[in-house]
Amino acid sequence: MCLELKQLYVSITRPKNRLIIFDSNASSRKHLQEYWETLGCVELINAEVLSGKIEQKDSENSGVDVSAALSRKSNKSEWMN
C-alpha cells in the first residue's frame, strides 16, 4: 500500500493545470470523491460528456472543455517552472 500511496501523491502533485482521474466503480471512489467535493477541489464529469453524447454546457457541471482537456498536448516551456 505504501507504494500505491507514493504513486498517488506523485500523480496528484505533478500536473500544472488539471488532473483527470477516472474510476468506473462508484462504490470504490465514493469516500475519496466525497472528501474532495467537500474541499471544493474537484469537478465531476459524467460518462455522457466523456463519450461525446452531450456537450459540457448541457451537463450539470460547467467550466471544463472536456475534449480540449483530454486532447491538448503540453509543451516543454509549461514544464520548466
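Each reported figure results from applying straightforward, stated rules to the coordinates on display, with no laboratory input. Just so you know, these numbers come straight off a predicted model, no measurement behind them. Backbone-built Cβ (ideal geometry, glycine too); neighbour counts: all protein chains shown.
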Does a label point 7 Å from the Cα of Trp79, set along Cα-to-beta-carbon, have any residues of region 5-27 with amide nitrogen under 12 Å, and which are they?
15-16
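What does the charge count around Lys30 come to, taking other residues whose C-beta lies under 15 Å from its C-beta (Lys +1, Arg +1, Asp -1, Glu -1)? Mind showing how you got there, number by number?
Values: positive: Arg29; negative: Asp23, Glu34, Glu37.
In short, -2.
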What FRET efficiency, computed as 1/(1 + (r/R0)^6) with R0 = 22 Å and r the Cβ-Cβ distance, is obtained for Thr38 and Leu3, rounded to the nearest 0.05?
0.20
